[in-house]
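The values are calculated or read from the model by the stated rules, or taken from the named source; none is laboratory data. For clarity, every value in this text was computed on a predicted model and none was experimentally measured. A quick note on method: Cβ atoms are made from the backbone with ideal geometry, for glycine too, and the neighbour counts reach across all protein chains shown.
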Amino acid sequence: ADDMTAPLLSASESSADAQPACPSSPTVVILGSGDFSRSLAMRLLGCGVRVVVGTRCVNRIPSGLFPDAVELKSQEGAASQVDCVVFMALFPEHYSSLLGLRSALAGKVLVDVSNAAEMNTRGPSNAERLAELFPDSLVVKGFNTVSAWDLQTGAHDGSKQVSICSDSANAKRKVLQLAQHMGFHPVDMGGLSASREIEVAPLGLFPSWSGPILVAFLLFFFFYGYGFLRGVLLPFLAQGHNVFYRLALDVVNESLPAVALVTLALVYLPGLFAASLQLWRGTKYRRFPSWLDKWMQCRKELGLVSFLCAALHGVFGICAPLRRVTQHKFINAAYKQVEAGVEEPWDEVGVWRSDLYLSCGVLGLGVLSLLAITSLPSVGNSLNWREFTFVQSGLGYSALTLSIMHTLFFGWDFAFHAEAYSFYMPPSYVVAAALPCAVLVCRCFLLLPFISTRLARIRRGWESRRNCPVLQRHPVVANGISQQV
Ligand code: NAP
């Protein structure tokens, strides 16, 4: 009676796109009738596979839960129908309840789709435990990284990669083929010991983001605290000047560009450390310290954090004229000038300064946006190595240079005046610009011909005599042509 309570698709309609399997198609058995089983059954049917679901109690499954073409049987009945592949769509703590099916499942491929219960589990993985329980079967780990939702939304959706591993090459090949047939991109992860890594993969909470986010928060708190102390608290304590209203927007908007600038410098700093280490060691074949490795791996995230802060700073800047305090100051200044009968003088230097810093800021944000877009896998994957290096290094350093120029034009000669150092503290943009300027100077230093040539040789495999265990008979030169000694 009520249209709103009626489902958009009836159960028969929702399974209508699942083709009925032809009797000669392979039979895949799924043990368990939960969410994953239902979605998997629909996807397999859609690929023309005959599906048999084994459940503890057939009568308990409401009609319409599975498409009509799926055969529902007892666990024993389903196990007797297995051609080759059985999906274990139940939680690992219930694997032992299936021990009665051991002989029926002997020689069959058991696909363990379970996830780990927590990140730091010790001992064998779920798949390894399943292999211990069913020693005569061939256990394959896979499909756990795909959610029931992904399985249902079909092959048109984004999340198509499935990691698969097994100690049996034959069993793994069969599951890899089935995954491909279902429209996934299977990735062979090797032996069953890889299942530990595969099982915890869905539990990670943005693992590569924790460092960059922590750094951004620490920097923000530092600059916010610095701005609060210098621009709000000390003036209040020293002169009774109440400007606490600045905390909500002004201090935030002073801190954001500082964080953006420093995090952008932190994207390029590890590359300089790596280059210096290679130059000093005279080889690229010695591993970097682990802290440097980790730092290099999170450069993309640091860059995106920088982009976010810069974009927020831009939005805050655009909102500035809407502020009550801006309007108040502007109208008051105009009123005082009218009252005094004076005109605002043309300030040539001020005009250049504001135009230059705004222009550099907008261009810097534009280049940063390009960098952020190319960090998307779909865009980044379409670039070849040279294009990627040009974007990430060439454009990246352009963004850093423009951002530094934006800051320097904003400061103009103010940093050289004594009044800029109220309470002996430099303005926060001077503090923020120090590291990026140092990064840029070091980068220019590395571009000097005698240094860049040596670095290029090292990166093409040349090693200094001090490090080279065997005499190099064919030293590699920068343009890639070997010279006979
Ligand atoms: P679920 O909805 O709770 O289904 C689990 C099924 O296990 C039950 O419906 C039950 O079916 C069966 N089962 C067999 N023996 C059992 C026993 N002794 N006690 C209790 N249940 C028993 O769970 P699910 O979401 O489908 O997840 C199943 C497995 O898939 C889990 O290992 C999970 O980690 C994995 N997985 C799930 C998803 C997802 O999106 N849901 C994604 C990736 C991986 P019968 O009553 O018919 O026997």
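All but one of (1) under 22 Å from residue 301 (Cβ atoms); (2) touching a His at 6+ places or on another chain (Cβ under 9 Å) hold for residue 387; state the number of the condition that does not hold.
The one condition residue 387 does not meet is (2).
Assuming residue 426 fulfils every condition listed in (1) part of a loop (DSSP other than H, G, I, E, B); (2) surrounded by fewer than 10 Cβ atoms within 10 Å (Cβ to Cβ); (3) not aliphatic (A, V, I, L, M) apart from one, which condition is it?
Evaluating residue 426 over (1) part of a loop (DSSP other than H, G, I, E, B); (2) surrounded by fewer than 10 Cβ atoms within 10 Å (Cβ to Cβ); (3) not aliphatic (A, V, I, L, M) leaves (2) as the failure.
All but one of (1) closer than 20 Å to residue 88 by Cα; (2) part of a loop (DSSP other than H, G, I, E, B); (3) more than 16 Å from the ligand (Cβ to nearest atom) hold for residue 123, so report the exception by its number.
Residue 123 satisfies all of (1) closer than 20 Å to residue 88 by Cα; (2) part of a loop (DSSP other than H, G, I, E, B); (3) more than 16 Å from the ligand (Cβ to nearest atom) except (1).
Are any residues in the range 76-116 of a type in the set (Asp, Glu), within 15 Å of the ligand (Cβ to nearest atom) and out of contact with any helix residue (DSSP H, G or I) (no Cβ under 8 Å at 6 or more places or on another chain), and if so, which ones?
Residue satisfying the conditions is 93 alone.
Just a yes or no: is a residue in the range 116-125 surrounded by 16 or more Cβ atoms within 10 Å (Cβ to Cβ) and within 14 Å of residue 198 (Cβ to Cβ)?
Taking every residue of the range 116-125 in turn, at least one turns out to be surrounded by 16 or more Cβ atoms within 10 Å (Cβ to Cβ) and within 14 Å of residue 198 (Cβ to Cβ).
Taking the range 52-84, which residues are of a type in the set (A, V, I, L, M, F, W, C) and within 19 Å of residue 97 (Cβ to Cβ)?
Passing the criteria: 52, 53, 57, 58, 61, 72, 78, 79, 82.
Among the residues that make up the range 145-168, is at least one of them within 19 Å of residue 31 (Cβ to Cβ), within 13 Å of the ligand (Cβ to nearest atom), part of a helix (DSSP H, G or I) and not acidic (Asp, Glu)?
Yes, the range 145-168 contains a residue that is within 19 Å of residue 31 (Cβ to Cβ), within 13 Å of the ligand (Cβ to nearest atom), part of a helix (DSSP H, G or I) and not acidic (Asp, Glu).
Can you tell me how many residues in the range 23-75 are away from the ligand (no atom under 12 Å from the Cβ) and in a strand (DSSP E or B)?
Of the residues in the range 23-75, 7 are away from the ligand (no atom under 12 Å from the Cβ) and in a strand (DSSP E or B).
Condition test on residue 268, is it touching a residue at least 40 places away in the same chain (Cβ under 8 Å), out of contact with any strand residue (DSSP E or B) (no Cβ under 9 Å at 6 or more places or on another chain) and surrounded by fewer than 16 Cβ atoms within 10 Å (Cβ to Cβ)?
Against the criterion (touching a residue at least 40 places away in the same chain (Cβ under 8 Å), out of contact with any strand residue (DSSP E or B) (no Cβ under 9 Å at 6 or more places or on another chain) and surrounded by fewer than 16 Cβ atoms within 10 Å (Cβ to Cβ)), residue 268 does not qualify.
Rundown of residues vs (1) hydrophobic (A, V, I, L, M, F, W, C); (2) within 24 Å of residue 320 (Cα to Cα); (3) within 16 Å of the ligand (Cβ to nearest atom); (4) part of a helix (DSSP H, G or I), yes/no style:
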position	(1), (2), (3), (4)
198	yes, no, yes, yes
202	no, no, yes, yes
207	no, no, no, no
213	yes, no, no, yes
220	yes, yes, no, yes
223	yes, yes, no, yes
226	no, yes, no, yes
237	yes, no, no, yes
245	no, yes, no, yes
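So, of the residues in the range 153-172 that are at pLDDT 85 or above and exposed (fewer than 15 other Cβ atoms within 10 Å of the Cβ), which turns out to be farthest from residue 44 (Cα to Cα)?
169
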